[in-house]
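J.: One structure, pasted below without further comment.
The values are calculated or read from the model by the stated rules, or taken from the named source; none is laboratory data. All values reported here derive from a predicted model rather than from experimental measurement. Cβ atoms come from the backbone with ideal geometry, glycine included; neighbour counts cover every protein chain shown. The accessibility values were calculated without ligands, DNA or RNA, using every heavy atom of the protein model including side chains. Shrake-Rupley method; radii C 1.70, N 1.55, O 1.52, S 1.80 Å.
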Amino acid sequence: MIQTIYKNIISDKVLRIVLAVFLILLIFKPMAIKDIDIDTIMILFNLMLIISLVKRSNILAYISNSIINHVKTTRQITAYITITSFVLSMFVTNDVAIITLVPLYIIIAKQLSLSIVYPTVLITIAANLGSAFTPIGNPQNVFLVEFYQISVKTFFANSLLLLVMGIVSLLVLILFGDNKQLQQTPTEMINVKPIHVLMIAGLFVLVLLSQFSLFSIWSDTLITVLVVELFSPKSIADVDYSLLLSFVFFFLIVGMLSRIDMVVSLIHQFTQTGIDTYLTAIISSQFISNVPSAVLLSKFSADFTSIYYGVSIGGLGTLVASLANLLAYKQISLNAPHSSGKFLKQFTFINLILLLVLSLLKIILI
């Protein structure tokens, strides 16, 4: 198990890039361990353990078979898989929704001779939009809620607008998909144990309570590790430790950047007002991704709302705007390499339009 974890860590390209940036900055500024938000790292670790249980419990396989058994047209299957991504990302994070559903859809698409590119673009967009609605939907939400100590009421009061915007956007995009009749394809019977569903639901409740400081994070971690060790010991090796290490270095990098005078002066100029902070979060996300953008801007602004909206909508746009986008492209490259070029073009075109529309719509509405 340790060897598997080690191989996954040293082979991760994102971690290599983050480590390289860290080492370069280390030449100019010393690191500070206090910059690492341990609570956020532990919550992410707990979520990853729970997600590994979800993947091993056949729940997702059950959902995919249900989709195939209930659809009659290509548009319906696109709608089902897109909505599944939207809802699933709220609870298992956008990254996991992508890693799970993109390969799953490609298998279904090959089996039924369906289009691969457009539906996978929608799966990716849906994961980014859906994950913005809950405090555990993506890493930046986990961090922002923990950093600003946001209450449940305050968070959902802000995220409700994104939920509505996301639903409307996806419904419109689904209408542009193909609408051809499908031939019925038999699927194997998948059984899901109710005890596993209840156990996973309970762990999700605990991690949510711990995020809002209603339950001890360390107690939650202990309970989660014990449950995983008892029911599925191999799930511990499934955790993406390279991603956790990437976040550790993200925190250290942002801490060092926040102590460079030129960077401090520049960011202060672009976080004077709510609209400035909001636009800065969107633009910076396009180049450094929305998670580092959230961590960096939190050092200079107390405006949770502007940063939250900015990095949530900012996950749309370029391929690097969200780690989920990169993961989707990686899954396409691995499972359908002939479609990767077309995916990149269509993804960028649709995402940039959606980014422009939603960013302006938010300004108009609020």
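J.: So is TYR308 hydroxyl-bearing (Ser, Thr, Tyr) and out of contact with any Phe, Trp or Tyr (no Cβ under 8 Å at 6 or more places or on another chain) or not?
T.: Answer is yes for this residue.
J.: While we're here: Collect the residues in region 162-177 that are touching a Ser or Thr at 6+ places or on another chain (Cβ under 9 Å) and aliphatic (A, V, I, L, M), keeping them in residue-number order.
T.: Within region 162-177, LEU162, LEU170, LEU173, ILE174 meet the criteria.
J.: Only one of (1) in contact (Cβ under 8 Å) with a residue 60 or more places away in the chain; (2) open to solvent by 60 Å² or more (accessible area, probe 1.4 Å) fails for ASN335. Which number is that?
T.: (2) is the only condition that ASN335 fails.
J.: Here is a further query. If you go through region 205-237, how many residues are part of a helix (DSSP H, G or I), without any contact (Cβ under 8 Å) to a residue 60 or more places away in the chain and either among the basic types (Lys, Arg) or open to solvent by 70 Å² or more (accessible area, probe 1.4 Å) (or both)?
T.: Residues meeting the conditions: 5.
J.: From the residues in region 68-77 that are out of contact with any Asp or Glu (no Cβ under 7 Å at 6 or more places or on another chain) and open to solvent by 10 Å² or more (accessible area, probe 1.4 Å), which one is modelled with the lowest pLDDT?
T.: The selected residue is ILE68.
J.: Going through region 17-50 one residue at a time, which ones are free of Cβ contacts under 8 Å to residues at least 60 places away in the same chain and either open to solvent by less than 30 Å² (accessible area, probe 1.4 Å) or more than 23 Å from ILE260 (Cβ to Cβ) (or both)?
T.: ILE38
J.: In addition: Kindly evaluate VAL254 against the criterion of being over 18 Å from LEU23 (Cβ atoms), open to solvent by less than 20 Å² (accessible area, probe 1.4 Å) and assigned to a helix (DSSP H, G or I).
T.: no
J.: Next up: Is it the case that ASP240 is of a type in the set (D, E, K, R), in contact with a helix residue (DSSP H, G or I) (Cβ under 8 Å, 6 or more places away or on another chain) and open to solvent by less than 50 Å² (accessible area, probe 1.4 Å)?
T.: no
J.: In addition: Kindly check whether there is at least one residue in region 131-143 that is within 18 Å of PHE343 (Cβ to Cβ) and more than 11 Å from the chain's Cα centre (by Cα).
T.: No, that holds for no residue.
J.: Identify, from the list ILE63, ILE51, ILE24, the residue that is closer than 20 Å to ILE190 by Cβ and more than 18 Å from the chain's Cα centre (by Cα).
T.: Going through ILE63, ILE51, ILE24 in turn, just one is closer than 20 Å to ILE190 by Cβ and more than 18 Å from the chain's Cα centre (by Cα): ILE63.
J.: Out of all the residues in region 115-134, which are in contact with a helix residue (DSSP H, G or I) (Cβ under 6 Å, 6 or more places away or on another chain) and of a type in the set (A, V, I, L, M, F, W, C)?
T.: Listed by number, the residues that qualify are ILE116, VAL117, VAL121, LEU122, ILE123, ALA126, ALA127, LEU129, ALA132, PHE133.
J.: On the basis of being under 19 Å from ALA127 (Cα atoms), open to solvent by less than 30 Å² (accessible area, probe 1.4 Å), part of a helix (DSSP H, G or I) and of a type in the set (A, V, I, L, M, F, W, C), does PHE343 make the cut?
T.: When the stated conditions are applied, PHE343 passes them.
J.: Taking PRO135 as meeting all but one of (1) of a type outside the set (D, E, K, R); (2) closer than 22 Å to MET199 by Cβ; (3) open to solvent by 10 Å² or more (accessible area, probe 1.4 Å), write down the number of the exception.
T.: (3)
J.: Keeping to region 32-84, report how many residues are in a helix (DSSP H, G or I), within 19 Å of LYS110 (Cα to Cα) and among the basic types (Lys, Arg).
T.: Here the count works out to 1.
J.: Something else about it: Looking at (1) closer than 20 Å to ASN94 by Cβ; (2) open to solvent by 50 Å² or more (accessible area, probe 1.4 Å), which is the only condition SER284 fails?
T.: Every listed condition holds for SER284 apart from (2).
J.: On to the next question. Can you name the residue in region 78-128 that is of a type in the set (S, T, N, Q) and open to solvent by 20 Å² or more (accessible area, probe 1.4 Å) and is also nearest to LEU175 (Cα to Cα) among such residues?
T.: Ranking the qualifying residues of region 78-128, first place goes to SER115.
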